[in-house]
Amino acid sequence: MLENKTGMIFGVANQRSIAWACAQACLEKGAKLAFTYQGERLKENVEKLTANLDGALVVPCDVTNQAEVDAAFQTVEKEFGKLDFLIHSIAFAPKEALEGEFLMTSREAFVTAMEISAFSLPQLARAAAPLMKDGGSIVTMTYYGAEKVVQNYNVMGVAKSALEASVRYLAEDLGKQNIRVNAVSAGPINTLSARGVKNMGVMLRHIAEKSPLRRNVEAREVGNTTLFLVSDLASAITGETIYVDCGFNIIGI
Ligand code: NAP
Ligand code: 1JT
């Protein structure tokens with residue numbers, strides 16, 4: 001399904017990362033991938049995970065460093081010649097902003113969360129578009145806290161709202177070039193990011209009880225929906241946020 005297609009994946013920290021599940025789904029369907037990592041700390045992890053993949057690229061890319069972003073896309077252009085899809089699976093907010101009241105969010109925490117979790121999408125889309133010569137597909141990861149108040153999600157919810165709105169504006173801008181832009185709204189998954197979150201266990205149990213499917217979502221399932229969105233099967237879908245959450249978001253009381 002993705003034979004002859006090349007993709008760039010941002011946000012693999014370890015084997016539990018949603019980005020890694022997306023990568024596996026795409027690799028199974030024949031895609032050639034470039035992985036980016038943030039900082040030396042994660043270099044070894046990503047290199048180990050990708051060691052036995054055919055023709056995979058591994059490049060550093062901290063989105064707060066524009067020179068690194070430019071260099072990453074230059075490497076991909078040089079090695080792959082073109083890009084068909086980009087998977088954005090990056091978010092960050094200081095830990096203290098993900099507990100207590102949103103009211104108390106510092107200027108610094110707000111700006112950091114918005115820069116890394118929201119601005120990075122238009123930033124990467126702008127760099128990717130010139131390489132998407134035959135059109136393309138961009139997918140980002142979001143969460144329900146963008147839309148409804150979820151205790152402790154706080155400034156990340158505000159950043160995810162900005163991210164989802166960015167998906168719509170980018171879809172309009174890039175539609176002319178046959179580049180589609182969508183978001184996957186995943187239910188909570190126990191990844192490295194989520195591990196630091198207070199009451200994650202309580203939330204996972206609540207969803208296992210209340211969601212229509214009576215269970216939590218697996219990263220593999222988020223990967224499969226992302227595969228669908230980057231493939232030609234989704235050729236008329238753009239600007240959307242698709243829920244992969246065992247139906248939890250449709251429940252009122
Ligand atoms: P993860 O494995 O920790 O992935 C988050 C990634 O973001 C890490 O690779 C992290 O690198 C990267 N990142 C942070 N700051 C960065 C920067 N300045 N430049 C480049 N990369 C940076 O956690 P995950 O749960 O898979 O998260 C992936 C995406 O899914 C996020 O957008 C998250 O909001 C979204 N999501 C997660 C859930 C969930 O419950 N897990 C639910 C819905 C949506 P470092 O480790 O170096 O910081
Ligand atoms: C970040 C973190 C982004 C955790 C994230 C995230 N996107 C989803 N999650 C999981 C989550 C987090 C909270 C939550 C529900 C789900 C942590 C590091 C910063 C980026 O609240 C109920 C807080």
Would you be able to tell me the number of residues in the range 14-50 that are outside any helix (DSSP H, G or I), open to solvent by less than 20 Å² (accessible area, probe 1.4 Å) and not polar (S, T, N, Q)?
5
Every listed condition ((1) at negative phi; (2) part of a loop (DSSP other than H, G, I, E, B); (3) within 17 Å of the chain's Cα centre (by Cα)) holds for Ala236 save (3)
Look through the range 75-99, keep the residues that are surrounded by 20 or more Cβ atoms within 10 Å (Cβ to Cβ) and of a type in the set (Val, Ile, Thr), and return whichever of them is farthest from Leu131 (Cα to Cα).
Ile90
Name, by its number, the condition in (1) touching a residue at least 60 places away in the same chain (Cβ under 8 Å); (2) within 12 Å of ligand 1 (Cβ to nearest atom); (3) open to solvent by less than 50 Å² (accessible area, probe 1.4 Å) that does not hold for Asn216.
(1)
Given (1) among the small types (Gly, Ala, Ser); (2) open to solvent by 20 Å² or more (accessible area, probe 1.4 Å); (3) near ligand 2 (Cβ under 8 Å from one of its atoms), Gly175 misses just (3)
So for the range 128-138 (the condition being within 13 Å of ligand 1 (Cβ to nearest atom), hydrophobic (A, V, I, L, M, F, W, C) and outside any helix (DSSP H, G or I)), does at least one residue qualify?
no
Residues of the range 86-107 that turn out to be free of Cβ contacts under 8 Å to residues at least 40 places away in the same chain, of a type in the set (D, E, K, R) and under 30 Å from Ile138 (Cα atoms), as a count
1
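The values are calculated or read from the model by the stated rules, or taken from the named source; none is laboratory data. Quick caveat: nothing in here was measured; it's all calculated off a predicted structure. A quick note on method: Cβ atoms are made from the backbone with ideal geometry, for glycine too, and the neighbour counts reach across all protein chains shown. We work out accessible area using only protein heavy atoms, side chains counted, and drop any ligands, DNA or RNA first. Shrake-Rupley method; radii C 1.70, N 1.55, O 1.52, S 1.80 Å.
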